[in-house]
Every structure is written in C-alpha cells, then in structure tokens.
Amino acid sequence: MTKFILKKFNENGEKKFEEFFDRKLKNKKTPIPFKYLLDQNLTDSVDGEIEIDNSKKFKSAYEFGKYLDEKLKDLKNIRFETGIFHWLTLVFFDQLFPGPSGGSQKIKYILNKKSPSSWKKHLVRLRWELYSQFKEKSIVYLTKEMNNWSDEEESISASPTLNSSETILDLYTKLYLRYDNKKNPTIISKRNISGNHRELTKELSIYQLNFDINRMSVEELLNLLGPDFKKWIKQTA
Amino acid sequence: MGKFNYTNRVELFWDIDDDQRDVFIAVSSLEREFYIMLNLNLILKKIRKNHPKLNEQTTKIYCEIYRGAFRKEVQLGTLKEPYHDSYSGNNFQVDDRIVRTLDEIDVNRVSFRIIITNTNNQILASSNSIRPFFIGKKEEIKTIKQNKELPLFATKISDEIQHPWDVGFENDTDKSKMIPVIYFNAKLDIASECETDDRLTVVIFSYAFKELLRRCLLLSDVDENKHIQEFLKFAEQANTNLKVEEIQQQIASTNENEEIYSPEIELFIDNAVAKYLEQFQLLKKYENARQNLNIQSEE
C-alpha cells in the first residue's frame, strides 16, 4: 500500500506514534506501524479526500515542503494540528528516519505539546511551514535531503523572528544561495569561514533588539552588516 | 533591557500595577480575539525623555503575536494616531481598526510583543514577551478595570485536561508570575455555558476557589507573586482568628498533607469561600437563575 487518504491522529494515535518512536530509538529494527495510519481508533478524518503517496521520493527538503503545501493548502487552521503532522511523519517515516549521520533527535519527529517553541525543528512541519509561507524562496533553507536537518534550518529556527521574516530570507538568499552550472541550488556559506550563516543569525539576534529588522529592506540590513558578511555577495557557486 | 541597547529604547511595562502599566492585553478564548489598551501618556513621556526629537506622526506601533515558533504582526497605527481599545466611565470601547482575530493561532498559548519604531527602523520602545489576561468574553475586561485590581483567578480553555474542568497555575515555571486558573476542557463548552447559566458558574467557581486557595496556602517562595498574594489577602480578610503567615508556618513545621485538611485551616478556607460567595453574590445569582428556570418551565 503506497497511497493513503490524509487523516490526522487523535490523542490515542499521537500517543501510539510517540510510543513507536521511543521503541524505534531503542531498537532500530522496530518495524514501522503503517497500520496506525488507517486505524479508526487512532485517527480522525480531515476535510476532503486528499491523497498522500508515500512511495514518492523527494530530491530535497524543498521538494518535500512543496508537496506537503500542495496537499494541505485547502485545509484551514492546521498550523497547530499536531495530529496531521504526526500522521504525515509516519507516512514518510522510512524516508525521514534516521538522519544521514544516524540522527534521531526526538524533536525532529515528535511535536511536544508542552513545548511548542521546539516545533520549528520538526522535519515535516517546518518544511511545510517554510514552503507554505515563502513558496519558491524557501529553497534557501531547504536545499538538503529531506532527512537532513540542515545548518541553514538550524540557524533560522533559532528564533520565530528569523524564520517568519521574508526580508531575512531574502538576505540569506543574497548572501549565501547560488546555482551551479546544472542549475542546482547550493549554499556557499561554510561554517569554518567568518561571516557564515550561523554568525549572521547571531548578529541578527542582537540587531533585532535595536532595529525593526522584520520591516527593513535587504539593503538596509546589509548596511548594518560588516565586511565579513558582505564579502559573500560577490562569491559565486 | 540595557543589554545591547544601541538605540536608547525604553521598556514598555505590562506585568505591573495598573497605574504604571503601559500595555494591557487580554485574550478572549471564546471569541478568539485579543484586546489591547495602551497608556499613551505614559508611553509618550518615556519615549520623549530618551528621544526629544520624536516625530509622533511617523513613529509606528506594531503588535507581534507569537505562538511557539509562529509569529504574526498587527499594525497599531502611529504614536500620533494609535489604534487601541479603551476603557473609561464603565465603558469598554473596541477600536475597529485593529485586526484582532486569533483564529489561526492557538489562543491558549499566545504571547505578544509591542514594538515602536521610527522611520530609520530603530526601536524606540519595546516590551518583552507579554502574557495576556485570559478572559471568557470581552465584557470581563470591565470587571478587571472596575476593580482596579487583578481578578482572583483566570479562566482558560485547555486541551490538556481530561476532566470537564480543573484548577491549577499558569506560568508555573516561574513562581513570581504563577496565576491561579480554572481550566475548562476544550472538548466541552462549559466556559461559554457558564456565561449564560449562573448555576453552573456557582457550582464550578465556588469549589475552584476553595481548591485554589488550598493550593495557594501550600505554595512557598511566592512573596513576590502579586496574584497569589492578592488571593491570600482576600482569604485572610475573611478571617479574624488566623493569619496566612501562621498557616504557612504550621504547614512548614508539620506534615503538610495532614495539616492542610485540619479543622482550623478548613474553617479558614470556609470563611474565605463564604466571603467569595457573598462578594460576587453567587448564591443570589444561583437562586435567580433557578427561579428563572422555574418560570420558563411553568410557561
């Protein structure tokens, strides 16, 4: 079975999914319980007959976010519907888990209701949120594989101000996003070179106390930055 | 606030006594809206002091709404022409220019930040994260404002409780800011039924008051918490024989689980409940509601 009609986990479903995840962490051979996706005791229906194809392979987190946005675009007020995102996490679990280096941090897969500020680190919800908010521009944060929590995502998820601002996304794009000869997107910033995206995030966190960075233009933001950051503008892929 | 303050910005206060408060925000969980009152005189005085050349016409006010990692922005006009709700002469007026819906946000966990900026995008004033007052209907703002004091406890719709209703403390990670709360189960509609049926209000609120008081008496290190202190002061005023401090000393020196149900403390709590029922005329409201029901059924 590779196609499902979109549902959302109810309270029991979310609990069972989390229990499965905890078991999986202890024993990587634990089979993925796809049967939960259809279990009437664990799921509730959502509006419309939305087909989700779990055989679909995604080249990048961007492609994944785009797919989710296409599927979820007609649903209202789902931002805080953890049941939908947990259900989708299970649908694509074999593509999401583990990370490329074996990463299996729980907040990447489970939305803790008592800690919504950690939701920005969820592998499904964040990709959906970034694409649905910024559409094609979200590529700057989502160039890596779907199971790879990228450095760029780690940087912008540091604060809701950063990951909700289109201007800041434009600034990241101008500084660090390039396309190679085959038109593949690539991030040129390197962690061992000064003025990288991690340092930019720290710099912006200080600026946002003093400047209204959400409503500033890219040029105005660039004027605040030092040469370590501006040097990236001239760099090619 | 002094940290990294390059723009001489001032801090806007919200969790402080009414006469010093710059910003008051309430959230109606039933109407899924927020209401905001700005004390413009106070705010202007502060900003002018740090920025004598202030241009009120071009200085903008923004309200940022946060829920976890989600941020939404609402414009509140300029310092010259601000958009904000107001209360005067027992009249609460909403400003229709404010986009106040919280439909896309989980209203129970929302927080706010106010930012005032000039044309150079410098922040002239800002608040830290504002936790709103949670109310049922917007009319409850009148009660808060009329009494010039904090309500004894807040009400909140919760999807984390299993019972129809429960009591507890909001902000319980910070003892100085904990607030006594009645939680209503989000799956039920009890909060709005309380609005229309005083009998339900009396049954729930009287017992909730009793249980919250018992829990407040057990709390330690809450001297700085004005919500808890107001609650305890209210109870103490109903009693002549026993002081809160004496109760807390007794509890500290004995087995607290046994002591809190001792006849002496039970009497203290009962007296406070009696005062609560009397002050808010709850028994009278119950009786009136019952009579109205009888009249309706006879008709």
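Would you mind calculating the relative contact order of chain A from Cα pairs under 8 angstrom and at least 6 residues apart, reporting the percent as a whole number? Walk me through the numbers before you get to the answer.
Numbers: 292 pairs, mean separation 40.4, N = 237.
In percent, rounded to a whole number, it is 17.
Partner chain Cβ atoms within 10 Å, averaged over the residues of A:211-218 - can you pull that number for me?
Values: counts 8, 13, 2, 7, 6, 3, 1, 0.
Whole-number average of other-chain Cβ neighbours for A:211-218 is 5.
Residues of segment B:1-45 with the amide nitrogen closer than 19 Å to a label point 7 Å from the Cα of A:Ile206, along Cα-to-Cβ, please.
Correct set: B:1-9.
Within 10 Å of each candidate Cβ there may be at most 11 other Cβ atoms; applying that plus a DSSP loop requirement, which GluC sites (Glu not before Pro) in segment B:183-272 survive?
Numbers: sites: B:Glu193, B:Glu195, B:Glu211, B:Glu224, B:Glu230, B:Glu236, B:Glu245, B:Glu246, B:Glu256, B:Glu258, B:Glu259, B:Glu264, B:Glu266; in loops: B:Glu224.
When the GluC sites (Glu not before Pro) of segment B:183-272 are filtered for loop state and at most 11 Cβ neighbours within 10 Å, B:Glu224 remain.
Can you list the lysines whose alpha carbon is less than 25 Å from that of B:Lys233, not counting same-chain residues fewer than 8 positions off?
Cross-link targets: B:Lys142, B:Lys145, B:Lys148, B:Lys156, B:Lys175, B:Lys177, B:Lys210, B:Lys243, B:Lys275, B:Lys284, B:Lys285.
So what is Rg over Rh here for segment A:150-237, counting just Cα atoms and using Kirkwood for Rh? Don't jump to the answer; show the numbers that get you there.
On the way: Rg = 12.5 Å, Rh = 13.2 Å.
Taking Rh as the inverse mean 1/r over Cα pairs, Rg/Rh reads 0.94.
Based on the Cα atoms of chain A, what semi-axes does the equivalent ellipsoid have, where each is the square root of 5 times one gyration tensor eigenvalue, given in whole Å with the largest first? Present the calculation step by step, with values, prior to reporting the outcome.
Details: eigenvalues 235, 64, 57 Å².
For chain A, the ellipsoid semi-axes come out as 34, 18, 17 Å.
A:Glu18: net charge of surrounding residues, Cβ under 12 Å, Lys/Arg +1, Asp/Glu -1, itself excluded? Please list the in-between numbers first.
Working: positive: A:Lys15, A:Lys16, A:Arg23, A:Lys24, A:Lys106, A:Lys113; negative: A:Glu11, A:Glu14, A:Glu19, A:Asp22.
So the surrounding residues net to +2.
Can you compute the FRET efficiency between A:Ile233 and B:Glu73 using 1/(1 + (r/R0)^6), with r the Cβ-Cβ distance and R0 = 22 Å? Round to the nearest 0.05.
Values: r = 28 Å, r/R0 = 1.27.
That gives a FRET efficiency of 0.20.
Take the alpha carbon atoms of the protein assembly as shown, find their radius of gyration, then divide it by 2.2 N^0.38 Å using N residues; give the quotient. Please list the in-between numbers first.
On the way: Rg = 26.8 Å, N = 536, 2.2 N^0.38 = 24.0 Å.
The value comes to 1.12.
So for the pair B:Thr101, B:Arg32, with labels modelled 7 Å out along Cα→Cβ, what separation do we get in nm?
Distance between the two pseudo-spin positions: 0.8 nm.
Sticking with the crude label model, points 7 Å out along Cα→Cβ, report the distance from A:Ser55 to B:Ser262 in nm, one decimal please.
7.4 nm
Excluding B:Lys243 itself, calculate the net charge of residues whose Cβ lies under 14 Å from the Cβ of B:Lys243, where each Lys or Arg counts +1 and each Asp or Glu counts -1. Can you show the working numbers first?
Values: positive: B:Lys233; negative: B:Glu236, B:Glu245, B:Glu246, B:Glu264.
Net charge in that neighbourhood comes out at -3.
Given A:Ile32, A:Gln208, A:Asn163, which one lies farthest toward the positive end of the charge dipole of chain A, if we put +1 on the Cβ of every Lys and Arg and -1 on the Cβ of every Asp and Glu?
Of A:Ile32, A:Gln208, A:Asn163, it is A:Ile32.
Taking the beta-carbon count within 10 Å as an exposure proxy, list B:Val202, A:Val218 from fewest neighbours to most.
Details: B:Val202 21, A:Val218 17.
Fewest-to-most ranking of B:Val202, A:Val218: A:Val218, B:Val202.
Per-residue mean of other chain beta-carbon atoms within 10 angstrom of the beta-carbon, peptide A:44-55? Intermediate values should be presented prior to the final figure.
Details: counts 0, 0, 0, 0, 0, 0, 0, 0, 0, 0, 0, 0.
For this peptide, the per-residue mean of nearby foreign Cβ atoms is 0.
Give the dimensionless ratio obtained when the Cα radius of gyration of segment B:165-298 is divided by 2.2 N^0.38 Å.
1.18
Starting from segment B:212-249, pick out the trypsin sites (Lys or Arg not before Pro) whose DSSP state is loop and whose Cβ has at most 15 other Cβ atoms within 10 Å.
Values: sites: B:Arg214, B:Arg215, B:Lys226, B:Lys233, B:Lys243; in loops: B:Lys243.
Answer in residue order: B:Lys243.
What length, rounded to one decimal in nm, is gained on full extension from A:Glu219 through to A:Asp94, with 0.36 nm per residue of separation minus their alpha-carbon distance?
Values: separation 125, 0.36 × 125 = 45.00 nm, distance 4.25 nm.
Once the chain is fully extended between A:Glu219 and A:Asp94, it gains 40.7 nm.
Rounded to the nearest 0.05, what FRET efficiency do B:Gln237 and A:Ser117 give with R0 = 30 Å and r taken as the Cβ-Cβ distance? Could you check? Could you put the intermediate results ahead of the total?
Numbers: r = 40 Å, r/R0 = 1.33.
Using R0 = 30 Å, I get an efficiency of 0.15.
Among the aspartates and glutamates, which fall within straight-line cross-link reach of A:Lys28, defined as a Cα-Cα distance under 14 Å, with same-chain neighbours fewer than 8 residues apart omitted?
Within reach: A:Glu19, A:Asp94.
Whose amide H sits under 5 Å from the amide H of A:Asn148, counting only residues 5 or more places off or on another chain, with H placed in the peptide plane?
Under 5 Å from the amide H of A:Asn148: no residue qualifies.
Subtract the Cα-Cα distance of A:Ile107 and A:Ser45 from 0.36 nm times their separation in residues, and report this length gain in nm to one decimal. Display every interim value, and only then the final one.
Values: separation 62, 0.36 × 62 = 22.32 nm, distance 2.51 nm.
Result: 19.8 nm gained on full extension.
Run the dipole for chain B about the Cα centre, Lys and Arg Cβ at +1, Asp and Glu Cβ at -1, nothing else charged, and hand back the magnitude in debye, nearest 20.
Values: 39 positive and 50 negative charges, 351 e Å.
So the magnitude is around 1680 debye.
I'd like the chymotrypsin sites (Phe, Trp or Tyr not before Pro) in segment B:194-299 restricted to DSSP loop residues with at most 16 other Cβ atoms within 10 Å, sorted by number.
Values: sites: B:Phe205, B:Tyr207, B:Phe209, B:Phe231, B:Phe234, B:Tyr261, B:Phe268, B:Tyr276, B:Phe280, B:Tyr286; in loops: B:Tyr261, B:Phe280.
Those that pass, being in a loop and sparsely packed, are B:Tyr261.
Measure up A:Lys114/A:Lys190; A:Lys76/A:Lys120; A:Lys15/A:Lys137 against 25 Å on the Cα-Cα distance and list the ones that go over. Please list the in-between numbers first.
Working: A:Lys114/A:Lys190 35 Å; A:Lys76/A:Lys120 19 Å; A:Lys15/A:Lys137 35 Å.
Beyond 25 Å: A:Lys114/A:Lys190; A:Lys15/A:Lys137.
Within a Cβ distance under 13 Å of B:Ala125, other residues only, what is the Lys/Arg minus Asp/Glu net charge? Let's see the in-between values first.
Values: positive: B:Arg9, B:Lys45, B:Lys46, B:Arg48, B:Lys49, B:Lys60, B:Arg113; negative: A:Asp212, B:Glu11, B:Asp22, B:Glu56.
Neighbourhood net charge equals +3.
Any read-out appearing in this document is the output of simple, stated calculations on the displayed coordinates, not a laboratory observation. Keep in mind it's a predicted model, so treat the numbers as computed, not measured. For neighbour counting, all protein chains shown are included, and Cβ atoms are generated from backbone atoms with ideal geometry for every residue, glycine included.
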